[in-house]
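Novice: Next up is a structure, given as structure tokens.
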Amino acid sequence: MRIGELAARAGTTTRALRYYESRGLLPARRGSNGYRTYDERDLRLLQQIRTLQDFGFDLEETRPFVECLRAGHPAGDSCPASLAVYRRKLAELDALIGELAAVRDGVRVQLERAERARDELAAEAGAPDGPEPHCELGG
């Protein structure tokens, strides 16, 4: 198949395919007419790349998976180098989840503090000689 058909079947652009080719992820085969030619194996490579990118892998992290497929393995993640990338990505994600959980806890503490302050202000506003609130207390 030619580059346009491969791009359409893979759900990407011809520009992306040329970029993958320049990075050595996609083979650069040419037919006798000079046009780039691709086959079903190339489609599998692209599907692997796209799936990993959807998971948040950068393009270079997809290289071991592509090389595994090129070596003839039935799946791009059946090689030791691919498994190592999975492990690194999981560790990275675990660290990010930990950071996000800490931020979430901080936001929750701030919300609780703000709600207590609002409630105290509302109570003071309802008391005789209490301060006038400067914001709406409803909702």
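Novice: Net charge around Leu90, counting only other residues with Cβ within less than 14 Å of its Cβ (Lys, Arg = +1; Asp, Glu = -1)?
Specialist: -1
Novice: Among residues other than Ala16 whose Cβ falls under 12 Å from its Cβ, what is the net charge (Lys/Arg +1, Asp/Glu -1)?
Specialist: In short, +3.
Novice: Most fluctuating residue of Ala114, Ala91, Ala101 in a GNM of the chain with Cα springs under 10 Å: which is it?
Specialist: Ala114
Novice: Quantify, in whole percent, the carbon and sulfur part of the accessible surface of the chain (1.4 Å probe; protein heavy atoms only).
Specialist: 55 percent
Novice: Still on this model: Which three extents, in angstrom, do the Cα atoms of the stretch 1-60 have along their principal axes, listed largest first?
Specialist: Reported extents, whole Å, longest axis first: 38, 20, 18.
Novice: Taking N as the number of residues in the chain, what value does Rg over Cα atoms divided by 2.2 N^0.38 Å take?
Specialist: The chain yields a ratio of 1.91.
Novice: Here is a follow-up. Work through the residues other than Ala114 whose Cβ is under 13 Å from its Cβ and net out their charges, Lys, Arg +1 and Asp, Glu -1.
Specialist: Its environment carries a net charge of 0.
Novice: Separate question: Evaluate E = 1/(1 + (r/R0)^6) for Leu96 and Tyr35, where r is the Cβ-Cβ distance and R0 equals 30 Å; express this FRET efficiency to the nearest 0.05.
Specialist: Working: r = 43 Å, r/R0 = 1.43.
FRET efficiency, Leu96 to Tyr35: 0.10.
Novice: Sort out for me the Cα centre separation of the stretch 64-107 from the stretch 2-48, rounded to whole Å.
Specialist: Between the Cα centre of the stretch 64-107 and that of the stretch 2-48, the gap is 25 Å.
The values are calculated or read from the model by the stated rules, or taken from the named source; none is laboratory data. A quick note: this is a predicted structure, and the numbers were derived from the prediction, not measured. Neighbour counts run over all protein chains shown; Cβ positions are idealised from the backbone, glycine included. Just so you know, the surface numbers come from the protein's heavy atoms only, side chains and all, with ligands and any DNA or RNA stripped out. Shrake-Rupley method; radii C 1.70, N 1.55, O 1.52, S 1.80 Å.
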